[in-house]
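One structure below.
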Amino acid sequence: MEKITFKDLNLKPEILRAIEDLGFEYPSQIQAEAIPLAIEGHDLIAQAQTGTGKTAAFGCSLLNNLVKTGNVGAIVLAPTRELAIQVYEDLNKLSKYEKITVLPFYGGDSIQKQLRELKRGVDVVVGTPGRILDLIRRKALLLGNAQFLVLDEADEMLNMGFIEDIEEVIKQLPKERQTMLFSATMPPQIQKLAKRYMKPDPKIVAIKKVSMTVSTITQGFFEVNQRNKFEALCRVLDYDTPNAAIIFCRTKKGVDELVEGLQARNYVAEGMHGDMSQLHRMRTLKRFKEGSLSFLIATDVAARGIDVEGITHVINYDITQDVESYVHRVGRTGRANRKGTAYSFITPREQSMLRQIRNVTKGIITKMPIPTVEQILESKFTSKTDEIEKVLIEGDFSKYTKLADEICVNYAPVDVVAAMMKMQFDKEMSFNYTHDQMESPAPTRDFRDNRDSRDRDSRSSRDRFSRDSRDRDNRDRDARDSRDRDKDNIDDVRLFFSIGKRDDLTTKNLVDYITEKANIEGHKVTKIDILESFSFVTVSNDVSDAVLDNCSGNKINNRRVNVEVATKRR
Ligand code: AMP
């Protein structure tokens with residue numbers, strides 16, 4: 001049978017576009033079943049847990065059918081502020097091509113701000129029952145024209161004692177509305193609630209098999225070729241800045257090579273496999289547990305029995321060979337109901353394993369783009385901006401305001417802030433590295449989970465930042481220059497080599513290495529630019545694949561070298 005696509009679900013083009021931007025390939029089971037019923041206008045009872053794609057299931061449906069009236073058109077009730085924010089963010093992304101205002105309302109946020117927002121007009125309200133009721137009582141939130149009610153994680157809301165609040169909110173809504181109730185379990189109380197407040201013939205959808213992986217784990221995969229896998233991993237690490245990650249390799253040799261590669265790029269990484277002494281393994285594990293080691297590279301066998309709290313990321317550098325091992329690996333994160341992230345690097349020939357894992361676990365594993373250098377850099381700046389905002393909101397900085405006032409008499413505040421940022425970033429960039437270029441940056445996703453933990457390994461990520469930015473600037477400039485030089489000859493390919501003067505590389509060294517490894521004639525290698533920590537070489541098109549295939553991963557002057565097509569700027 002043909003697999004259902006989002007296009008088959010009769011959704012508006014604006015929503016389909018937003019879904020495409022999110023990178024969702026196919027509807028999850030709950031989406032495929034619930035969306036058609038919901039957009040036909042039925043009330044819906046859905047038994048589904050977090051991690052099944054339930055938010056987009058009700059999100060797409062209500063955004064698809066919502067009629068803008070100038071009043072609140074839909075209300076989503078969620079048990080916690082975290083979930084309310086998450087739902088709001090998801091709906092916001094899904095409605096990005098429409099003029100629909102979605103906003104979150106939860107306790108702990110400024111009520112004055114929320115009152116102002118409601119006055120300006122909101123189409124979709126997402127909130128926790130207590131705060132929503134408060135806003136209703138203040139007559140700031142009027143629900144008399146709402147077309148949709150969604151109760152998300154209804155069982156949780158009942159467990160938390162929100163039943164009376166919920167009933168009171170429901171009483172404000174018109175009878176002629178569409179109600180969708182999502183719950184992981186269906187205890188009698190929920191059934192009673194449904195009976196009392198839903199139309200008599202609600203449609204029922206149940207996702208029978210709960211995902212085998214923990215619902216707090218976000219799972220994603222990156223499509224890579226064997227050749228660019230290492231670079232892709234570095235970008236992901238730089239973008240996400242995991243606090244503590246286990247990175248799995250299939251073989252002991254794979255572990256050794258990856259450790260070597262990562263250490264050469266100044267990542268705080270250590271390996272663990274069966275050929276290492278027990279003492280060495282125990283020491284490594286201790287460092288990992290204490291937080292002085294960010295990345296533990298391991299084989300399945302060596303990692304067996306490791307139970308470390310606070311692992312933020314599980315990374316399948318090599319995908320597993322069976323589904324059970326996948327579930328086992330991924331379960332190292334998301335312990336004790338904490339959030340976790342599991343990434344897999346998938347080469348074309350590993351696609352079928354990915355399909356099997358998806359089928360058996362029923363978990364959503366989202367395809368993710370490999371972060372670009374620009375994105376990585378932006379994420380670094382964003383985290384700095386977040387820190388500044390945090391101080392602005394929470395910090396007591398009044399003792400500096402006099403000084404700030406004095407400076408701002410003579411200079412524009414924006415220049416003052418920019419100068420201070422320069423001081424800060426330049427300082428961070430002054431760390432001394434023994435190695436090397438780092439070329440690309442980073443992925444998607446919600447970084448809130450990582451933020452708290454950034455502090456612990458901020459030094460290491462700062463270190464990388466300094467090194468990366470410095471080298472990246474040079475490299476981007478050189479790539480641009482070299483492209484300009486090359487643009488008259490489209491039969492040539494400009495290649496980047498991750499090794500340079502500081503590795504004692506000479507032109508002869510490099511040409512000898514390329515001609516020997518790729519088995520090509522010397523005259524096919526031209527325009528050799530050896531820079532401080534990397535180099536550029538132009539080769540003719542007909543030999544470029546041979547160079548890429550044979551020169552990456554080997555050593556020149558005892559340094560392992562990575563070869564790629566030189567970065568093009570936008
Ligand atoms: P939820 O169950 O709504 O909490 O969703 C779990 C995760 O799956 C979220 O990170 C969503 O962005 C993601 N997601 C939802 N639907 C899909 C889909 N059809 N394909 C891939 N990822 C999805």
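Assorted remarks:
- Residues satisfying the stated conditions in region 58-86, i.e. free of Cβ contacts under 8 Å to residues at least 60 places away in the same chain and open to solvent by less than 10 Å² (accessible area, probe 1.4 Å): Gly59, Cys60, Ala84
- Residue within region 1-15 that is modelled with pLDDT under 90, acidic (Asp, Glu) and within 12 Å of the ligand (Cβ to nearest atom) present: no
- Scanning region 281-319 for residues being over 21 Å from the mean Cα position of the chain (by Cα) and of a type in the set (Phe, Trp, Tyr) gives a total of 1.
- Hey, Ala38 in a helix (DSSP H, G or I), modelled with pLDDT of 95 or more, away from the ligand (no atom under 12 Å from the Cβ) and touching a Phe, Trp or Tyr at 6+ places or on another chain (Cβ under 8 Å) or not: yes
- Selection status of Gly59, within 19 Å of Asn145 (Cα to Cα) and more than 9 Å from the ligand (Cβ to nearest atom): no
- Residue check, Leu495 under 21 Å from Glu231 (Cα atoms) and open to solvent by 20 Å² or more (accessible area, probe 1.4 Å): no
- Residue-level analysis places Leu37 outside the set of residues that are in the same structural domain as Phe105 (by TED's automatic domain parsing), touching a helix residue (DSSP H, G or I) at 6+ places or on another chain (Cβ under 7 Å) and buried (at least 17 other Cβ atoms within 10 Å of the Cβ).
- Considering region 160-181, the residues that are of a type in the set (A, V, I, L, M) and open to solvent by less than 10 Å² (accessible area, probe 1.4 Å) include one that is nearest to Glu40 (Cα to Cα), namely Met180.
- Hits in region 143-159 - residues which are in contact with a helix residue (DSSP H, G or I) (Cβ under 8 Å, 6 or more places away or on another chain), at pLDDT 95 or above and open to solvent by 30 Å² or more (accessible area, probe 1.4 Å): Gln147
- Region 41-74, residues that are at pLDDT 95 or above and part of a helix (DSSP H, G or I): Ala56, Ala57, Phe58, Gly59, Cys60, Ser61, Leu62, Leu63, Asn64, Asn65
- Residue match in region 119-133 (condition: without any contact (Cβ under 8 Å) to a residue 24 or more places away in the chain, part of a helix (DSSP H, G or I), out of contact with any helix residue (DSSP H, G or I) (no Cβ under 7 Å at 6 or more places or on another chain) and open to solvent by 20 Å² or more (accessible area, probe 1.4 Å)): yes
Residues checked against (1) over 18 Å from Lys367 (Cα atoms); (2) among the hydroxyl-bearing types (Ser, Thr, Tyr):
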{"site": "Val236", "(1), (2)": "no, no"}
{"site": "Phe248", "(1), (2)": "yes, no"}
{"site": "Lys252", "(1), (2)": "yes, no"}
{"site": "Val255", "(1), (2)": "yes, no"}
{"site": "Arg265", "(1), (2)": "yes, no"}
{"site": "Asp275", "(1), (2)": "yes, no"}
{"site": "Ala302", "(1), (2)": "yes, no"}
{"site": "Thr312", "(1), (2)": "yes, yes"}
{"site": "Tyr317", "(1), (2)": "no, yes"}
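- Looking only at region 87-113, and only at residues there that are in contact with a Pro (Cβ under 9 Å, 6 or more places away or on another chain) and either touching a residue at least 60 places away in the same chain (Cβ under 8 Å) or open to solvent by less than 20 Å² (accessible area, probe 1.4 Å) (or both), the one that is nearest to Pro174 (Cα to Cα): Val87
The rows are residues; the columns are (1) over 26 Å from Gln29 (Cβ atoms); (2) within 16 Å of the ligand (Cβ to nearest atom); (3) open to solvent by less than 60 Å² (accessible area, probe 1.4 Å).
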{"position": "Met276", "(1), (2), (3)": "yes, no, yes"}
{"position": "Met282", "(1), (2), (3)": "yes, no, no"}
{"position": "Val330", "(1), (2), (3)": "no, yes, yes"}
{"position": "Ala342", "(1), (2), (3)": "no, yes, yes"}
{"position": "Glu350", "(1), (2), (3)": "no, no, yes"}
{"position": "Asn359", "(1), (2), (3)": "no, yes, no"}
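- Residue, modelled with the lowest pLDDT, within region 182-211, restricted to residues that are within 15 Å of the ligand (Cβ to nearest atom), crowded, with 16+ Cβ neighbours inside 10 Å and not β-branched (Val, Ile, Thr): Ser211
- Just one residue in the set Asp21, Asp43 is touching a residue at least 40 places away in the same chain (Cβ under 8 Å), within 15 Å of the ligand (Cβ to nearest atom), assigned by TED's automatic domain parsing to the domain that holds Asp152 and charged (D, E, K, R); that residue is Asp21.
- Of all residues making up region 134-164, the number that are over 17 Å from Gln86 (Cα atoms) and part of a loop (DSSP other than H, G, I, E, B): 13
The values are calculated or read from the model by the stated rules, or taken from the named source; none is laboratory data. Being a predicted model, the structure only gives us computed values, none of them experimental. All Cβ positions, even for glycine, are placed from backbone atoms using ideal geometry, and neighbour counts span all protein chains on display. Calculation scope for accessible area: heavy atoms of the full protein, side chains included, ligands and nucleic acids excluded. Shrake-Rupley method; radii C 1.70, N 1.55, O 1.52, S 1.80 Å.
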